[in-house]
């Protein structure tokens, strides 16, 4: 099996892929609303410090994913894609811990198999993308910053490595709200900045990454199931702890 040291050696992604990922996150988060025009090529070139060719490659990748559309003579606009509708719903539900638990159940149904397919089908570039998201999670963890964006990028990169676009579409539909500790409640904010909790997640991520790198489909499937199942259990336990101090009905009657 590939060692953890070997797994951590990864080439850097193309600049266009990095820019596409940044813009994709903004689109899925609603920072760029459906129908809204994106900055011009000139402004994007200046903002990212890259050439027009790199920007055009990034926009082409987003267009291929159905996230943006070019309008002749008008520019590039955020598309009205299915993820927008589901993402809006998730935003409305996001402040409820119960919604996070529901989302985790959906992710279990989707991502366990996507991990196995990624192990069987991934190419070197796709493995590098998974690794880079893993590294970014580690960097943010060491800085004491929220790891939610890197967490989502890690799982999305695995979905992309299945080479089945519908896995990516389903995860994009959930958006970054798929990451429970990014749910906007004081309870989940506590988890987002809890280094011990985040370190446990990263160890679980490493088990998934090692299995995918080794081409071990069964191992990847099991590692993803353990990861999401443990997250579901942890969230349920913490939710129970919030109500444990309230007196039971039997105590009140006594």
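The label-point distance for residue 109 and residue 135, in a model that sets each label 7 Å from Cα toward Cβ, rounds to 3.6 nm.
Contact order for the range 15-80, expressed relative to its length and based on alpha carbon pairs under 8 Å spaced 6+ residues apart, stands at 41 percent. A Förster radius of 41 Å, combined with the Cβ-Cβ distance separating residue 31 from residue 196, puts the computed FRET efficiency at roughly 0.85. With the convex hull of its Cα atoms as the shape, the range 15-80 has an orientation-averaged projected area of 3.9 nm².
Only the coordinates and a few stated rules stand behind these numbers; no lab work does. Quick caveat, the model's predicted, so the values are computed rather than measured. Because the Cβ atoms are built from the backbone with ideal geometry, glycine has one as well, and the counts that use them run over all protein chains shown.
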